[in-house]
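Chemist: Got a structure for you, written out below as structure tokens; questions coming shortly.
The values are calculated or read from the model by the stated rules, or taken from the named source; none is laboratory data. Quantities reported herein were computed from a predicted structural model and do not represent experimental measurements. Neighbour counts run over all protein chains shown; Cβ positions are idealised from the backbone, glycine included. The accessibility values were calculated without ligands, DNA or RNA, using every heavy atom of the protein model including side chains. Shrake-Rupley method; radii C 1.70, N 1.55, O 1.52, S 1.80 Å.
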Amino acid sequence: MTLKSMKPLTRAPLLHVSVQESLRAYINDNGLAPGTLLPAEGELATQLGVSRNSLREGIKALESVGVLETRRGVGIFVKAFSFEPLLDNLAYGLGGALRQIEEVLEIRRTLEVGLIGKTIEVIAEEDISELRATVNRMRVHAERGETFATDDQLFHRLLFRCQDNETLVRLIDVFWLAFYKASDFVNLENTDPMATWRDHAAIVDAIEARDLEEARRRLDRHYEGIARVIANNKTSSNMGGTHEKTV
């Protein structure tokens, strides 16, 4: 009988990693809400049986991913959940690779086109009015040749706010911001902001008419326009600059 070899033992986790896991477990086990003050460093170090330096390493690591927040002279607090650390790392990882930017865009496109139907079912007139006001601001900026990234982000949030699904809205923000942050690295430039405004206006028109097929078609067309911006920048020799983008 041939026996299988034993797998080699894995190395024990580094101490500061164990500290992080213990702190996360402490927060979860006690159901600590954002803003809760943790025990003092000395007490935490004693409970964990580690030095203050090891504890501080673990705390700094959890600060970097948005789990904890240290306020000098006050203490260590549980931090409210935020996608920002994920966004920063995602944008950094994408770098200037246009292929990866296209992949992020495709996820964003699939998410919005696939879920716009529920918006049409439940959206209220006040939400449509906010969408229309946002589009009107876009037009003013476009006519002046100005960018309107802030209103563009707000528009896409407003499209799905009526669904009362905070995770969905956050995911839309993740992919919107990831695309914008990553595209900054390669200077994607929209040469026709008026076309971008018209795309958004047509989406609102379709939603107001409760026309699902038209809303999907208009959203899809909008993303085709963004894809063209990417394609144009792929062939462009001028990749420098730090302009704000509106796509």
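Chemist: Which residue is most open to solvent (accessible area, probe 1.4 Å), if the candidates are limited to region 114-134 and must be small (Gly, Ala, Ser) and over 15 Å from ARG218 (Cα atoms)?
Modeler: The extreme case among them is SER129.
Chemist: Can you run down the residue pairs with Cβ atoms below 6 Å, 6 or more apart or on separate chains, where the first is in region 45-72 and within 15 Å of LEU15 (Cβ to Cβ) and the partner is part of a strand (DSSP E or B) and open to solvent by less than 30 Å² (accessible area, probe 1.4 Å)?
Modeler: ILE59/LEU68; LEU62/LEU68
Chemist: Separate question: Taking VAL19 as the residue in question, decide whether it is more than 25 Å from the chain's Cα centre (by Cα), assigned to a loop (DSSP other than H, G, I, E, B) and at pLDDT 90 or above.
Modeler: Taking the combined requirement at face value, the residue does not satisfy it.
Chemist: List, please: which pairs have Cβ atoms under 7 Å, are six or more places apart or on different chains, and start with a residue in region 195-221 that is in contact (Cβ under 8 Å) with a residue 12 or more places away in the chain and end with one that is open to solvent by 70 Å² or more (accessible area, probe 1.4 Å)?
Modeler: TRP197/ARG139; ASP199/ARG221
Chemist: Are any of the residues in region 30-52 buried (at least 17 other Cβ atoms within 10 Å of the Cβ), at pLDDT 90 or above, more than 30 Å from ASP220 (Cβ to Cβ) and among the small types (Gly, Ala, Ser)?
Modeler: Yes, that holds for at least one residue.
Chemist: Quick check on my filter: what residues within region 151-170 are in contact (Cβ under 8 Å) with a residue 60 or more places away in the chain and either crowded, with 17+ Cβ neighbours inside 10 Å or under 11 Å from THR134 (Cα atoms) (or both)?
Modeler: Passing the criteria: only ASP152.
Chemist: Using beta carbons and a limit of 7 Å, which pairs, at least six apart or on different chains, have the first residue in region 123-146 and in contact (Cβ under 8 Å) with a residue 24 or more places away in the chain and the second one open to solvent by 70 Å² or more (accessible area, probe 1.4 Å) and in a helix (DSSP H, G or I)?
Modeler: So the pair list comes out as ASP127/ARG161; ILE128/GLU208.
Chemist: Here's another thing I want to ask about it. Need the failing condition index for PHE148 against (1) at pLDDT below 95; (2) surrounded by fewer than 17 Cβ atoms within 10 Å (Cβ to Cβ); (3) farther than 16 Å from ALA215 by Cα, just the number.
Modeler: (2)
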